[in-house]
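Undergrad: Pasting a structure below so you can have a look.
Just so it is clear, none of the values below were taken in a lab; they were calculated from the coordinates. Only a predicted model underlies this, so the values are computations on that prediction, with no experimental measurement involved.
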Amino acid sequence: MVVLREQLSNRSLHLWTKLVEAALDPGQTGVVEVVVRRQRQHRLDRADYPGIVEAYVAGGTMKMLSERYDVHESTICLLLQREGIESRGRATVIHQHEAEVRRLRERGWSLQRIADRYECSTTTVWRLLRRP
């Protein structure tokens, strides 16, 4: 017998059952308990909305705000869209500092280190540096 805790979709239940059946030796009887822990959801408080908008307009990034408020970046993005704030995009931020990015690369900084500094992907840095 398989005992599951927490709610699972039918597909997940099927997968867990198959997993437990595969773990049991043929002919073995007994109870196998599978504990499924759900990730805790973090929700924004409406009182935080003005502060998030203000911080973003002042130059904060969605990534920074999502880490500060312990929510996904898409949550911050959706909030800003609902509030009528146009997304800057990460690439815009790094393009504003193109000369500095080129200097850092000439000093031997890796693409990853530069990307971490400007909170963008290494591909974005590479594309910027590839331009004439």
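Undergrad: Specify whether the C-alpha gyration tensor of the range 46-88 places it in the rounded, prolate or oblate class, a ≥ b ≥ c being the square roots of the eigenvalues: rounded for a/c under 1.5, otherwise prolate if a/b is larger than b/c and oblate if not.
TA: rounded
Undergrad: Oh, and also: Once phi is turned into ³J(HN,Hα) by the Karplus curve 6.51 cos²θ - 1.76 cosθ + 1.60 with θ = phi - 60°, what whole-Hz value does each residue of the range 119-132 show in order, with x for glycine and proline?
TA: These are the phi-based 3J(HN,Hα) values: 6, 9, 8, 5, 5, 4, 5, 4, 5, 5, 6, 6, 5, x Hz.
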